[in-house]
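Can you read through this structure? Questions will come right after.
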Amino acid sequence: MRRFSVYVALALAVALPALVLRLTNTLITPLLDTLIFAVALLGAGFMLTWGAEAAEEHVSQGLALAVLALVTVLPEYAVDIYYTLQAGQHPGSEYVQFAAANMTGANRLLIGLAWPLIVLLYWWRSGRRVVELRWSNAVEVSFLALASLYSFVITFKGRIDLFDMVILLAIFGAYLWRVSKLPKGRGNDASDDGDDDDREVGPAAALSKLPKGQQYAIMAALTIAAALIILAVAQPFAESLIATGQQFGINKFLLIQWVAPLAGEAPEIIITILFTLSLRPTAALGALISDKINQWTLLVGMIPLFYSIGAGRIGALPLDARQHEEFFLTAAQSLFAVALLLRLRLTLRGALALLGLFLVQFALGFAFRNDEATAITILTYLAWLYLVLAAAIFLWERKGLVNYIKVGLLNRPQPSGVGTVEPAASKHVEQVKSNAG
């Protein structure tokens, strides 16, 4: 508890300068302001993560991962909601692009960077080239597939409206209901075959030793404190990021698309890295899949609501030519990621494919940042490349797709002999744990 108290004190301390600037309505320089507010969001994100991770002990494993992923991306939600409100108040302004940029960037960063990172770290840590998933993870992957397929409807319409909000929130609600029916407790990683997966990592280990009443009180305090910090600094962070782009002549769209999500995603990614280094890669990848579902349903679904609130009337966030292709590429990448998981595993080869394609789109987007027409063409070609690869995998793994629908969506019994871990793999991981002390 002493170490946990130090961590909480540090998280509050790094948020203090941002709160002082906010309360006194003081600005220094755009770059320094951005760093100060970003660090505050990072500290708040960690507090949310610690509380949510400790709550895993009291609910079903799937629901715990879903709530953990939802809570830890609240900083990301706050920033995007601010841009969306401003877009509604100023139709036709840059804020419309910023709202879409932040949303598409956050989603593509998760799959293109965070997912491969888990596989690469696990390969480095254990020597294994695959992260296995449990059959309970078929729920996450099935609902991610459902949301990804619906996203092409939004692409076809060229806008995100309140009808989309209803559908996406229904998918998210059904997902939460479905994972709440999974067995209580963490369960074992597919890469484990002992009870070691029940151990905590990081500061949440301290909370797990306390009586339930104290755990709930501390979790509530962490959540409230973090939420207040996020509400206080989201707006100045979003504006200081724009001012930084203007000051240094950096493309503001790309800055918001790739830099803003990092502040919101960093705590979640760091926690999943700790999971992976503790030889719990299935929990790490499962949390990131849940994170993607939250962003691809709840975050996208909330956009038309807050756009309408900002506009003072019922409205829809329009997708211009650039935003249309950005959304199309994000949807195609998501479907390709689902295809890679049809065998309940993410292999090193699949991870490198995700990472390589992401780095290509990032590099080309930066190279043609001032050439809108070429950038749109590149986005379109990359999106179709993702779709072709996804279609080939779906065709090859069509039996796995049927199993996902039965187990993930229809709650049928899992097929025997599928998605299990070979004894040799379990012994290998246990040997790595033993060697690590």
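Write out, first by first residue and then by second, each pair whose Cβ atoms fall under 6 Å of each other, whose residues are 6+ apart or on separate chains, and whose first residue, in the range 363-392, is without any contact (Cβ under 8 Å) to a residue 60 or more places away in the chain while the second is not in a helix (DSSP H, G or I).
THR374/PHE368; ALA375/PHE368
On the basis of being surrounded by fewer than 22 Cβ atoms within 10 Å (Cβ to Cβ) and in a helix (DSSP H, G or I), does ILE256 make the cut?
So ILE256 does not fit the description; no.
Now for a different question. What's the total number of residues in the range 313-363 that are open to solvent by less than 60 Å² (accessible area, probe 1.4 Å) and either within 17 Å of TRP384 (Cα to Cα) or within 21 Å of the chain's Cα centre (by Cα) (or both)?
Number satisfying all stated conditions: 34.
Right, something else. Mind checking whether some residue in the range 241-264 is more than 20 Å from the chain's Cα centre (by Cα) and hydroxyl-bearing (Ser, Thr, Tyr)?
Yes: the range 241-264 contains one or more residues that are more than 20 Å from the chain's Cα centre (by Cα) and hydroxyl-bearing (Ser, Thr, Tyr).
Among the listed residues ARG159, ARG134, ARG125, which satisfies the condition of being open to solvent by less than 50 Å² (accessible area, probe 1.4 Å) and charged (D, E, K, R)?
ARG134
When you scan the range 21-73, how many residues do you find that are at pLDDT 85 or above and of a type in the set (D, E, K, R)?
Of the residues in the range 21-73, 2 are at pLDDT 85 or above and of a type in the set (D, E, K, R).
When the range 164-199 is examined, which residues are found to be modelled with pLDDT under 75, open to solvent by less than 40 Å² (accessible area, probe 1.4 Å) and more than 16 Å from GLY286 (Cα to Cα)?
GLY194
Which number in (1) in contact with a Leu (Cβ under 7 Å, 6 or more places away or on another chain); (2) in a helix (DSSP H, G or I) marks the one condition that GLN333 misses?
Tallying (1) in contact with a Leu (Cβ under 7 Å, 6 or more places away or on another chain); (2) in a helix (DSSP H, G or I), GLN333 fails exactly one: (1).
A further question on this structure: Return the only residue of LEU285, LEU279, LEU241 being at pLDDT 85 or above, crowded, with 18+ Cβ neighbours inside 10 Å and part of a loop (DSSP other than H, G, I, E, B).
After ruling out the rest, the residue left standing is LEU279.
The values are calculated or read from the model by the stated rules, or taken from the named source; none is laboratory data. As the structure is a computational prediction, the values presented were derived from the model and not from experiment. Neighbour counts run over all protein chains shown; Cβ positions are idealised from the backbone, glycine included. Only protein heavy atoms, including side chains, enter the accessible area calculation; ligands, DNA and RNA are left aside. Shrake-Rupley method; radii C 1.70, N 1.55, O 1.52, S 1.80 Å.
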